[in-house]
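Worksheet: one structure, shown below.
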């Protein structure tokens, strides 16, 4: 499974990257919204974990572009800080699948990713079905 | 790798060095340039002073001395113009074009000998036009004194002025036999005064057609290379013998040390341009060098930060990182391990750990805390508390609080009454962060007021603490610190400490209107069956702002017993109070609403309008 992590904090970005690589996923990283969109154009990920506030394009703009164009079936999880309830609501309106509030647990985030992918698999997304099944 | 780890202050020092070097070079160059000027001035060259007559132009004067009009104008720092020359005098340079040591004359040239006088202390020597020829030379008169006797023994030919043929009627050659023909060689003793002279033919007076021309020769010291500067600047080119000449771009420069021959404007501009170019070059080199070094260091710093971050994440995400000594897990990167000995790198690691602690919770989040302790970074944070810089102290407190160093609370407590507001606020926040409501015991010793922002921050932090931990606050309500009383009232109201009702009512007797206002709002949160009546009793003695607050609160907590009071308020003169009372009545239920409607209809304007206003708002 290919996971795109878009986060402007290098520590969180590297932590998520290292953690999901250890989990057996292919991880693409982007430290701002523009880079994230470029990465998506190059290779469509299965899951996107994105921060709300990022340089160039916010996480909300990324969600809007993905859901309007590239692939509506990409799983999108939003990383939000405390007090960003309005942004989270907007993210859900745009088509985000889930959100996690900082500080977040890596284990919990991983579980959410797996659960959402499972749901997508059930709904019949053929591209990464086999990978997901083996991973799960 | 050792070059990677350069201290962060190094580039500042380097920049200072470069700047000092640049300034030194610029000042050296400037002084050198000035010295050059002096040197040139101290080595003047031959020139003569021409007294402008009649309608002479630069061109006509230039032709006379085999120069162009532009050359003459430039040499005198004047703008060239093809009209009568305005200045009374012009300085004419004697250079290779119009002056030679030998007697060899070109075609259409006439030679005029130039003399020098050894031992003469006079600066200007004037040939009188009607002077008589003596046996040994010419009769020279200066200040009406005959100088012939001096010249007999000391007059020496220095060279020959080449004049144009057109001036033949004005100048004529001098019989060489009449004077000594000793040509000076070598460097002349500076004490010797040398006066170069252009000799004017005594027969000049016989020329009636040309205006009388007077030539006064300026004293000059001749050295062995009298016209050195002609090699630097291009020799002006005479296009034709006519007046029209090609304007040259760079004027010849002939330095001089007298008032008659200042450094030319072109020379000055040229020198200034050179100095500016040198300064600009130095600055550009210095800036580029500084930027290159800075960029290099930034790249190295980024690499180092990335390496340290990678190490940290490996440690955090490794399951058995903390089963053994942390140092053993760092052995895979000896370089990074060494870097932790540096203060700046340790601070970077602290910042990263705190960032991780803030953003990641759970098992891996706890690993940040463990790593913080294993690397003994808590000692770094504690050391900051002893710093004289308030910023460091505040940062140290913040780090200890986020990393939950409860045993450091006494040290943090010492900063509660710090003279710096930021340190105080961090200390208060840290204590509340570390022990929730228990941290509020700092209120008992606080000597400074708590800002509104800090009150909101503390209440926000306490909102997640269990209410059962709230300490007894009634002593704080009698504190002389007004902000402390207000904060306590807000705490009581926020966490609904109903047992404090009577204590809060006592606060309505405070002199401060703000304290009474906060107490009214606090009582609204913890009200009982007596609260509204207490408010009504206080109403008459309160300020307008608090009266409005009382009416509003009675509208929320009152019942039908208080409608009479609200109807009385409706009869008051204050329109705001009337509207507030009308709203309070409309909020108190149907019966109060009917009473309000009846009252408004009965009393007409403005009550009917108030009633419509209140109803439309509802």
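The values are calculated or read from the model by the stated rules, or taken from the named source; none is laboratory data. Not measured: the values here are computed from a predicted model. Please note: Cβ atoms are built from the backbone with ideal geometry, for glycine as well, and neighbour counts cover all protein chains shown.
Which of the residues that make up segment B:351-396 are surrounded by fewer than 16 Cβ atoms within 10 Å (Cβ to Cβ), under 16 Å from residue B:318 (Cα atoms) and within 10 Å of another protein chain (Cβ to nearest Cβ)?
B:362, B:363
Within segment B:425-434, is even one residue surrounded by fewer than 16 Cβ atoms within 10 Å (Cβ to Cβ) and either under 25 Å from residue B:518 (Cβ atoms) or in contact (Cβ under 8 Å) with a residue 24 or more places away in the chain (or both)? Give the derivation first.
Just the residues of segment B:425-434 that are surrounded by fewer than 16 Cβ atoms within 10 Å (Cβ to Cβ), to begin with: none.
No: zero hits.
So how many residues does segment A:102-128 have that are surrounded by 16 or more Cβ atoms within 10 Å (Cβ to Cβ) and at pLDDT below 85?
4
Name the residue, out of B:328, B:435, that is part of a helix (DSSP H, G or I), modelled with pLDDT under 90 and out of contact with any helix residue (DSSP H, G or I) (no Cβ under 9 Å at 6 or more places or on another chain).
Answer to the selection: B:328.
Does residue A:5 fit the bill of being surrounded by 22 or more Cβ atoms within 10 Å (Cβ to Cβ), outside any helix (DSSP H, G or I) and without any contact (Cβ under 8 Å) to a residue 40 or more places away in the chain? Outline the logic, then answer.
Details: surrounded by 22 or more Cβ atoms within 10 Å (Cβ to Cβ): yes; outside any helix (DSSP H, G or I): yes; without any contact (Cβ under 8 Å) to a residue 40 or more places away in the chain: no.
For residue A:5, the condition - surrounded by 22 or more Cβ atoms within 10 Å (Cβ to Cβ), outside any helix (DSSP H, G or I) and without any contact (Cβ under 8 Å) to a residue 40 or more places away in the chain - is not met.
For segment B:397-408, does any single residue satisfy the condition of being in a helix (DSSP H, G or I), surrounded by 17 or more Cβ atoms within 10 Å (Cβ to Cβ) and within 14 Å of chain A (Cβ to nearest Cβ)? Can you show your working first?
First, the residues of segment B:397-408 that are in a helix (DSSP H, G or I): B:397-402, B:406-408.
Cutting the leftovers down to surrounded by 17 or more Cβ atoms within 10 Å (Cβ to Cβ) gives us B:397-402, B:408.
Then keep just the ones that are within 14 Å of chain A (Cβ to nearest Cβ); that gives B:402.
Yes: segment B:397-408 contains one or more residues that are in a helix (DSSP H, G or I), surrounded by 17 or more Cβ atoms within 10 Å (Cβ to Cβ) and within 14 Å of chain A (Cβ to nearest Cβ).
When segment A:19-59 is examined, which residues are found to be within 13 Å of another protein chain (Cβ to nearest Cβ), in a helix (DSSP H, G or I) and surrounded by 18 or more Cβ atoms within 10 Å (Cβ to Cβ)?
A:19, A:20
Out of A:121, A:78, I need the residue that is touching a helix residue (DSSP H, G or I) at 6+ places or on another chain (Cβ under 7 Å) and not in a helix (DSSP H, G or I). Which one?
Within the list A:121, A:78, the selection yields A:78.
Return the pairs, sorted by first residue and then second, in which the second residue is buried (at least 20 other Cβ atoms within 10 Å of the Cβ) and outside any strand (DSSP E or B), the first residue lies in segment A:93-115 and is within 11 Å of another protein chain (Cβ to nearest Cβ), the beta carbons are less than 6 Å apart, and the residues are 6+ apart or on different chains.
Partner pairs satisfying both residue conditions: A:100/A:109; A:106/A:19.
Do we find that residue B:541 is assigned to a helix (DSSP H, G or I) and within 30 Å of residue B:500 (Cα to Cα) in this structure?
Against the criterion (assigned to a helix (DSSP H, G or I) and within 30 Å of residue B:500 (Cα to Cα)), residue B:541 does not qualify.
Can you pull out every residue in segment A:44-92 that is out of contact with any strand residue (DSSP E or B) (no Cβ under 6 Å at 6 or more places or on another chain), touching a residue at least 40 places away in the same chain (Cβ under 8 Å) and within 20 Å of residue A:14 (Cβ to Cβ)?
A:53, A:54, A:55
Which of (1) out of contact with any strand residue (DSSP E or B) (no Cβ under 8 Å at 6 or more places or on another chain); (2) modelled with pLDDT of 85 or more is the odd one out, the single condition residue A:133 does not satisfy?
(2)
For segment A:5-18, how many residues are more than 7 Å from chain B (Cβ to nearest Cβ) and in contact with a helix residue (DSSP H, G or I) (Cβ under 6 Å, 6 or more places away or on another chain)?
Qualifying residue count, segment A:5-18: 3.
Please work out if residue B:557 is in contact with a helix residue (DSSP H, G or I) (Cβ under 9 Å, 6 or more places away or on another chain), surrounded by fewer than 19 Cβ atoms within 10 Å (Cβ to Cβ) and under 20 Å from residue B:516 (Cα atoms).
yes
For the list (1) closer than 25 Å to residue A:41 by Cα; (2) within 13 Å of chain B (Cβ to nearest Cβ), I need the number of the one condition that residue A:77 fails.
Of everything listed in (1) closer than 25 Å to residue A:41 by Cα; (2) within 13 Å of chain B (Cβ to nearest Cβ), residue A:77 misses just condition (2).
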